[in-house]
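The values are calculated or read from the model by the stated rules, or taken from the named source; none is laboratory data. Just so you know, these numbers come straight off a predicted model, no measurement behind them. Reconstructed Cβ throughout: ideal geometry from the backbone, glycine too, with neighbour counts over all protein chains shown. When the accessible area is computed, the model is the full protein with side chains, heavy atoms only, and any ligands, DNA or RNA have been set aside. Shrake-Rupley method; radii C 1.70, N 1.55, O 1.52, S 1.80 Å.
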Amino acid sequence: MAGGALARRQIFARLAGAEARIGLAGLGLVDGVRHADTTLEVIHAAPRGESREFYRHIVADEATGVFQGKVIVKPGAQKTDGAMKSQAILLSPEATMNAKPELEIFADDVVCGHGATVGALDPEQLFYLQARGLPRAEAEAMLLEAFAAEAISRVDDSRLAESLIGLTRDWLGRRERGRLS
């Protein structure tokens, strides 16, 4: 998700058959005063289903990212395996990320987990790269691209994944050029 003053995506999935599987992943690149909002709901309604939700955001300037994810395991959806993760890097003190992962479990034989992290770039990683001769801006871009690439790596189509990496590099380059202006 990049561009537009307001970007919103909503995904609602119902796993109605036994052994149904779904994998959802996303990457939000949000800067300026933009707002990017992801809302998803995955309902496990049958046994032995599997879901994986993996979302990452890079939020800069005064932008806001939002992740609201819910996995619901209905009664009778025994042996469900669900995992949801939201991770964000804030690039300025004014950037905001609101993450709200939720589980509602009405079955007793499941393996489900969720988590959310929000933080800044690791200063020790930046120092390590700079100590090896990389300028700070290049070190930041390298770390941010690696962070984004983990979400993009979930895309099976290699041409699409390469295109997404290219869009990420373009976004990082525009951000850097804007800081140099």
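Kindly evaluate L167 against the criterion of being out of contact with any Gly (no Cβ under 7 Å at 6 or more places or on another chain) and in contact (Cβ under 8 Å) with a residue 60 or more places away in the chain. Show your work before the answer.
Working: out of contact with any Gly (no Cβ under 7 Å at 6 or more places or on another chain): yes; in contact (Cβ under 8 Å) with a residue 60 or more places away in the chain: yes.
Yes: the conditions hold for L167.
Taking the residues in the range 117-158 that are in a loop (DSSP other than H, G, I, E, B) and either under 17 Å from L27 (Cα atoms) or touching a residue at least 60 places away in the same chain (Cβ under 8 Å) (or both) as candidates, determine which candidate is most open to solvent (accessible area, probe 1.4 Å). I'd like the intermediate steps shown before the answer.
If we filter the range 117-158 for residues that are in a loop (DSSP other than H, G, I, E, B), which is where we start, we get 120-122, 132-135, 153-157.
Right, trim to either under 17 Å from L27 (Cα atoms) or touching a residue at least 60 places away in the same chain (Cβ under 8 Å) (or both) and you get 120-121, 153-157.
Details: A120: 75, L121: 29, S153: 81, R154: 110, V155: 43, D156: 152, D157: 79 Å².
Among those residues, the one meeting the criterion is D156.
What pairs come up if the first residue lies in the range 26-53 and is over 29 Å from L91 (Cβ atoms) and in contact (Cβ under 8 Å) with a residue 12 or more places away in the chain, the second is open to solvent by 30 Å² or more (accessible area, probe 1.4 Å) and among the aliphatic types (A, V, I, L, M), and their beta carbons are under 6 Å apart, counting only those six or more places apart or on different chains?
That search, which allows pairs on different chains as well, returns A45/A16; A46/A16; A46/A18; P47/A18; R48/A18; S51/I22.
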